[in-house]
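Written below as structure tokens is the structure these notes are about.
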Amino acid sequence: MPENKRILIFNVNWLGDVLFSTAVIRNIRHNFPGSFIACIVPSRCYPVLKGNPHLDEIIIFDEKDRHKGILQQLDFVRLLREKKFDVVFFLHRSFSRALICRLAGIPERIGHYTKKRGFLLTKKIMPPQRDSLHRIDYYLDVIEKAGLKVEDRYTEFFVSEEDGAFVENFLAKNAVAKGDFIAVINPGGNWLPKRWPKEYWAELADKLMEDPAVKIIITGSHNDLSLCTAIQEKMLRKPLIACGVFNLKQLGALAKRADLFITADTGPLHIANSIGAKKIIALFGPTSPEITGPYPLTNVRLLQKNVGCAIPCYEVHCKDNRCMKAIEPADVIREIKK
């Protein structure tokens, strides 16, 4: 593959996985330092890649919104055709994405083989067995088997000085002093079985706040406000609720500023780890750290209990959530003290 190419990466749809893909983006840049590299993501994942120095362009594709209809998708095909890409790497196994790039006339189309889209790929990469690799390595598998050299496998997330200043202003407005110990708890999750019980969060936060120098900040999106309020109502002390206050970049800046970040297996876990948070406690239940866990584990303590269930478990409608209930607040306190 010549040095100066116009390279496209068609990324996945999920915040945490887009963070995992930053290892792919960086390694493609290592292989092609002088090439133009663009990446396609849905708008909700744009902040994950914003400011990434290894990319020349970020292109938005929202197949369930602005690009939902056939006419809108044909407009997107024309957009890609005008950009004259030489090669596209598919991190998503989607048939429609491969078809879009074929219609856009991109001559080299490289991705994991599936029966449906195999004829649309010019280089078919045989995929690893499901859940046999960490997601980082699953995505790196595409470029490594395509002949590129993989030098490293860590994730990256970039914040600006403005993001840091926003966090400092928030802390000052809420009477958080420079010497205070800031503990951020992130109780939300994209599906319920990955969530720790509300009463556990409340008990943990109250225990931490027995030290008057500890300030608890509960983070989440606007959609998490009822969850965070329910946790606050179960507490004896008063934490800071910051649902909907921070965008993803500002959340990263907060995670970097905090002394402790406690979360389940969610996108914010990987943001905190990518930004180099001082200490992270990661609570795992139905998901496998070997597949979707943070990497590297330098500043991360993983907590997961064996309750007899097969892991990973994708039972979204699990009724007892015993894998998360098995991790008790006392377990978290012990990890914090280590």
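The values are calculated or read from the model by the stated rules, or taken from the named source; none is laboratory data. All of these numbers come straight from a predicted model, not from anything done at the bench. In this analysis, Cβ positions are derived from the backbone assuming ideal geometry, glycine residues included, and neighbour counts consider all displayed protein chains. The accessibility values were calculated without ligands, DNA or RNA, using every heavy atom of the protein model including side chains. Shrake-Rupley method; radii C 1.70, N 1.55, O 1.52, S 1.80 Å.
Taken over region 1-16, the residue count meeting the criterion of being of a type in the set (Phe, Trp, Tyr) and either assigned to a loop (DSSP other than H, G, I, E, B) or within 24 Å of ALA264 (Cβ to Cβ) (or both) is 1. So is PRO107 over 15 Å from VAL88 (Cβ atoms) and open to solvent by 20 Å² or more (accessible area, probe 1.4 Å) or not? Judged against the criteria, PRO107 is not a match.
All of ASN27, ASN52 fail the test of being closer than 17 Å to GLU144 by Cβ and surrounded by 17 or more Cβ atoms within 10 Å (Cβ to Cβ), apart from ASN27. Going residue by residue through region 287-302, is there one that turns out to be under 25 Å from ASP137 (Cα atoms), open to solvent by 20 Å² or more (accessible area, probe 1.4 Å), among the basic types (Lys, Arg) and in contact with an Asp or Glu (Cβ under 6 Å, 6 or more places away or on another chain)? So far as region 287-302 goes, yes, one or more of its residues are under 25 Å from ASP137 (Cα atoms), open to solvent by 20 Å² or more (accessible area, probe 1.4 Å), among the basic types (Lys, Arg) and in contact with an Asp or Glu (Cβ under 6 Å, 6 or more places away or on another chain). On the basis of being among the aliphatic types (A, V, I, L, M), at pLDDT 95 or above, in a helix (DSSP H, G or I) and within 20 Å of PHE157 (Cβ to Cβ), does LEU302 make the cut? No, not satisfied.
The residues in region 33-47 that are open to solvent by 10 Å² or more (accessible area, probe 1.4 Å) and touching a strand residue (DSSP E or B) at 6+ places or on another chain (Cβ under 9 Å) can be counted, and the count is 3. Only one entry of ILE136, ILE143, ILE110 meets the criterion of being in contact with a helix residue (DSSP H, G or I) (Cβ under 8 Å, 6 or more places away or on another chain), free of Cβ contacts under 8 Å to residues at least 60 places away in the same chain and within 13 Å of VAL24 (Cβ to Cβ), and that entry is ILE110.
Pairs are defined by a Cβ separation below 6 Å, a sequence spacing of at least 6 or placement on different chains, a first member in region 146-165 that is touching a residue at least 24 places away in the same chain (Cβ under 8 Å), and a second member that is open to solvent by 60 Å² or more (accessible area, probe 1.4 Å) and part of a helix (DSSP H, G or I); the pairs so defined are VAL150/GLU144; GLU151/HIS30. For region 270-286, taking the residues that are assigned to a loop (DSSP other than H, G, I, E, B) and not aromatic (Phe, Trp, Tyr), the one that is surrounded by the fewest Cβ atoms within 10 Å (Cβ to Cβ) is identified as GLY276. Kindly evaluate PHE90 against the criterion of being under 25 Å from the mean Cα position of the chain (by Cα), over 30 Å from GLN250 (Cβ atoms), open to solvent by less than 40 Å² (accessible area, probe 1.4 Å) and touching a residue at least 60 places away in the same chain (Cβ under 8 Å). When the stated conditions are applied, PHE90 passes them. For the criterion of being modelled with pLDDT under 95, assigned to a helix (DSSP H, G or I), open to solvent by 20 Å² or more (accessible area, probe 1.4 Å) and within 30 Å of LYS305 (Cβ to Cβ), ASP137 fails. Region 164-261 holds strands (runs of 3 or more DSSP E) entirely within its bounds, and those carrying 2 or more residues that are in contact with a strand residue (DSSP E or B) (Cβ under 9 Å, 6 or more places away or on another chain) and open to solvent by less than 10 Å² (accessible area, probe 1.4 Å) map to 181-186, 214-220.
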